[in-house]
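The values are calculated or read from the model by the stated rules, or taken from the named source; none is laboratory data. Bear in mind the structure is a predicted one, so any value in this text is a computation, not a measurement. Positions of Cβ are generated from backbone atoms using ideal geometry, with glycine treated the same way; all protein chains shown enter the neighbour counts. Just the protein is used for accessible areas: all its heavy atoms, side chains included, with ligands, DNA and RNA removed. Shrake-Rupley method; radii C 1.70, N 1.55, O 1.52, S 1.80 Å.
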Amino acid sequence: AELKLSPATKSYGNGVFSYCSKLTSVVLPDGLTAVVDSMFMQCANLASVTIPDSVTAIGPRAFGYCKNLPAVTIPEGVTVIDDYAFNSCAKLTSLRIPDKVTRIGKNAFYGATALTALSLGSSVETIDNFAFYNCKNLPVVVLPDSVKTLGTSAFNRCEKMQTITFGTGLE
């Protein structure tokens with residue numbers, strides 16, 4: 001089932017579409033500024049999501065446990081990816097964090113076990129606790145100079161990690 005939301009609606013309540021297990025595709029409307037807390041949490045069959053450029057925040061648990069989501073394009077205007085935002089998105093393969101993101105919340109990509117490519121934007125200051133925990137197929141991480149805080153177990157259980165390059169913010 002596809003969900004195409006009306007451009008007239010500019011905000012949604014927390015958890016509004018959570019546990020919609022038959023939902024496979026979502027197109028969020030232009031003008032929406034935030035993907036709110038638990039908005040699509042546990043939408044286990046969600047395989048496609050289009051987030052408009054107007055979005056500046058991805059809230060806690062927004063796409064948590066969307067275990068069949070293979071890809072997501074995070075818009076350039078996003079400044080924060082909150083706690084558990086993409087937790088247990090086990091099929092997410094590639095990820096580009098835009099340059100305006102300053103914080104990646106705790107457990108944000110915890111259990112993204114298929115993740116093999118990660119690009120971190122130039123403004124990321126904080127990678128919180130367990131942010132990329134158990135991203136077991138991630139081979140390389142380059143931390144930009146902007147990173148000042150690397151939380152507990154941020155990259156723990158990244159079993160295939162071969163190289164991690166630290167920026168000057170952590171030296």
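Lysine pairs in the chain 8 or more apart or on different chains: how many have alpha carbons under 23 angstrom apart?
Going through the chain pair by pair, I get 18.
Roughly how many nanometres apart are two label points built 7 Å out from the Cα toward the Cβ at D53 and L5?
It works out to 1.9 nm between the two label points.
Just want to confirm a number: the relative contact order over region 11-64, from Cα pairs under 8 angstrom separated by 6+ residues, in percent.
Dividing the mean separation by the residue count of region 11-64 yields 42 percent.
For the chain, rounded, prolate or oblate, judged on the Cα gyration tensor with a ≥ b ≥ c (square roots of eigenvalues), a/c < 1.5 rounded, else prolate if a/b > b/c?
Because a/c hits 1.5 or more and a/b exceeds b/c, the chain counts as prolate.
Summarise the accessible area of region 79-127 (1.4 Å probe, protein heavy atoms) by the percent that is carbon and sulfur.
The computed percentage sits at 44.
Starting from the Cα of K91, step 7 Å along the direction of its Cβ; do the same at I164; then give the gap between the two resulting points in nm.
2.9
Multiply the residue gap between T33 and V142 by 0.36 nm, knock off their C-alpha separation, and tell me the result in nm, one decimal place.
Here the segment from T33 to V142 would lengthen by 36.3 nm.
Using the heavy atoms of the protein chains and a 1.4 angstrom probe, tell me the accessible area per residue for the chain in square angstrom.
Each residue of the chain exposes 44 Å² on average to a 1.4 Å probe.
Over all distinct alpha-carbon pairs, what is the Kirkwood Rh of region 27-119 in angstrom?
12.6
With a sphere of radius 12 Å drawn around the Cβ of T113, what net charge do the other residues whose Cβ falls strictly inside it have (Lys, Arg +1; Asp, Glu -1)?
Here the charged neighbours net out to +4.
Relative contact order (percent) for region 84-171, with alpha-carbon contacts under 8 angstrom and 6 or more residues of separation?
26
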